[in-house]
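Participant: Quick one: this structure, given as C-alpha cells, is what I'll be asking you about.
The values are calculated or read from the model by the stated rules, or taken from the named source; none is laboratory data. No experiment lies behind these values; they were computed from the predicted model shown. Heads up, the Cβs are rebuilt from the backbone with ideal geometry, glycines too, and the neighbour counts pull from every protein chain shown. The protein model used for the area step is the full one, side chains on, heavy atoms only, and it has no ligands, DNA or RNA in it. Shrake-Rupley method; radii C 1.70, N 1.55, O 1.52, S 1.80 Å.
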Amino acid sequence: MDTIDSNARPSPRTAFSASADPEVAAAELATALRGPELGFVLFFCSADYPLAELGQALEGAFAPVTLAGCTTAGEITPEGYGRGCIVAIGFDRDDFSIACARVEDLDGFALPRAQRLVDGLLADCRRQRPSEAARPFVLTLLDGLSSSEEQVLATLEAALGGIPSFGGSAGDDNRLSHTHVYADGGFHTAAAVVIMVTSRRPFEVFTTHHLRPRAEKLVVTAVDREHRRVLELNAAPAAEEYARLVGRPVAELDAGVFARHPLAVRIGEAYYVRSIQRVDEDGGLRFYCAVENGIVLTAMRPAPLLEDLDEVLAGLTRRLGPPALILGCDCFLRRLELEAGGQVADASRRLAAAGVVGFSTYGEQHQGMHINQTLTGVAIGAGT
C-alpha cells in the first residue's frame, strides 16, 4: 500500500510517497501539500523513478507552483530513512519568499555571473514579500558527479556576501552513474540549482560530523586533479597504502570500509572529510572532493554517531525552540555506517521525532566548502 505522511504544522508541510508510479506519487504529494498559500515545493526523489514522467506528473499536480529538487542516494522522510520514494516540502507564501535559478556550464561559473544570479534572487524574493525583518539563506543542489562543486561553491560564496548557505550533491542510489537536479520543469545533469529562501522565521544553518582524528597521516604525493584521483599516498600506490592503514586487502576496499575509515584535511582547528568513492583499476583512489598534491590527510575514527546526532538536535531545539522543519543533507556514507551497525531504525526514530526531512547525498556544502560524511542543513523555527 502506498504510504503518505503529512506534517500537521501549517508551513512548511512535509510529505512522502512510496508509490513507484509517478502519477500516483505526484497526486499523493499534492493532496498532502496543497493549500491556498502554497508558493514553492522542494522535493528529493529516488533515481529509480522514470524521471521525465515524474517531472511531468509533478508539474501537472502542482502547477503553477514552482518546484525544485534532485535525485538522491536515499531519502529522509517524515518517518525517517527511506529508499525508492519521494519526499517533498511545501512552503507557503505568507511565511517564505523563495526564488531559484538553474546554473548550467558549471566550469564557466565566474564571479560576475554569480553576482548577477545572487542579485536577481534577492530582488525576486523582495518583490514577492518586502520585509526588512526577513533574512535569507541559500540552498544549493548540485549534480553529484559533475566534479565542479569546489569551483561553483567558492564562486557562489564570494557573491553571497555573508548570506548563510548549505546544500547537497545529488545522488543515484549509489550507482555512481547519472545524477540529476530539477528546475524549470525538468531534470538536468551537469547543472546546479540555487534556491534562496527569505523569512521572518528564526533559522540556523548547521553542520556536524562524528569523526575524530587519529595519529596516522597520509601525504598525497601524486594526483590527477581533473578526475579527483589520488595516485600515490606516502610515495606508494594509493590503494595499497590506504589498505595498509586500515588493515584490509585492497580487494576488500568498498564503500563500507571507506565509511568506517575516512580521511580528512585539517584547516585551522577543524577537520574536513575527503571521502573515497572507489578504487580504480590502476590502484588509484577516486574521491568525492577535490584533493591536491602535497596535502596531508589525517586518518579519522568514528565516534558514536547517534550520540552526536542527539547532541546536535538538542542544541538546535535549545536555540530555536522545537523547529518547524529541519532540512538535512546527510552523506550517504553515514547511512552505510548506520546500516553496518544495525542502527538505521534508531536513527530514523530520532530524525522523525525532530522533524528532519531531506536526502542522502554524494557530498555536502557549508558556507562555500564542499565536505563529506556530515549532516548539514537548516533548522527553521516555528515562530517569528
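Participant: In the chain, with Lys and Arg counted as +1 and Asp and Glu as -1 at Cβ, which of these residues, Ala30, Val118, Gly341, has the Cα nearest the positive end of the dipole, that is, farthest along it?
Facilitator: So the residue we want is Val118.
Participant: Modelled label-to-label distance, Arg248 and Ile295, 7 Å Cα→beta-carbon offset: nm?
Facilitator: About 2.2 nm, to one decimal.
Participant: Work out the FRET efficiency for Ile267 and Ala133 from their Cβ-Cβ distance, taking R0 = 30 Å, and round it to the nearest 0.05. Let's see the in-between values first.
Facilitator: Details: r = 35 Å, r/R0 = 1.15.
Step by step, r from the Cβ atoms, then E = 0.30.
Participant: Let me spell out the model: positive unit charges on the Cβ of Lys and Arg, negative unit charges on the Cβ of Asp and Glu, origin at the Cα centre of the chain. What dipole size does that give, in debye rounded to 20?
Facilitator: 1140
Participant: I would also like to ask the following. Give the accessible area for His180 in Å² (nearest 10); use a 1.4 Å probe, count only protein heavy atoms, and leave out ligands, DNA and RNA.
Facilitator: Probe radius 1.4 Å; accessible area of His180 about 40 Å².
Participant: Under the rule that an exposed site lies in a DSSP loop and has at most 11 other Cβ atoms within 10 Å, name the longest stretch of the chain with no GluC sites (Glu not before Pro) of that kind, not counting the sites themselves.
Facilitator: Here the longest segment lacking exposed loop sites spans 133-268.
Participant: What does the charge count near His178 come to, summing +1 for each Lys or Arg and -1 for each Asp or Glu among other residues with Cβ under 11 Å from its Cβ? Write out the running numbers ahead of the final one.
Facilitator: Numbers: positive: Arg175; negative: Asp143, Asp172, Asp173.
Residues close to His178 contribute a combined charge of -2.
Participant: Compute the angle between helix 22-33 and the longest alpha-carbon principal axis of the chain, please, reported from 0 to 90 degrees and rounded to the nearest 10.
Facilitator: 60
Participant: Using R₀ = 41 Å, calculate the FRET efficiency as 1/(1 + (r/R₀)^6) where r is the Cβ-Cβ separation of Arg126 and Asn174; round to 0.05.
Facilitator: 0.50
Participant: What's the local net charge at Pro164, with K and R +1, D and E -1, over the other residues with C-beta under 9 Å away?
Facilitator: Once positives and negatives cancel, what remains is 0.
Participant: For the chain, what is the relative contact order in percent, using Cα pairs closer than 8 Å and at least 6 residues apart in sequence?
Facilitator: 20
Participant: May I pose another question? Explain nothing, just the number: dipole magnitude of the stretch 97-215 about its Cα centre with +1 on each Lys and Arg Cβ and -1 on each Asp and Glu Cβ, in debye rounded to the nearest 20.
Facilitator: Its charge dipole is roughly 560 debye.
Participant: If each residue of separation counts as 0.36 nm, what is the full-extension length gain between Ala110 and Asp346 once their alpha-carbon separation is subtracted?
Facilitator: 80.6 nm
Participant: Excluding ligands and nucleic acids, what accessible area in Å² is computed for Ile371 using a 1.4 Å probe, to the nearest 10?
Facilitator: The accessible area of Ile371 comes to roughly 10 Å².
Participant: Where only protein heavy atoms count, and the probe is 1.4 Å, what is the accessible area per residue for the stretch 211-302 in Å²?
Facilitator: Counting only protein heavy atoms, the per-residue value for the stretch 211-302 is 47 Å².
Participant: Give the relative contact order (percent, whole number) for the stretch 211-302; include only Cα pairs under 8 Å separated by 6+ residues.
Facilitator: This gives 41 percent for the stretch 211-302.
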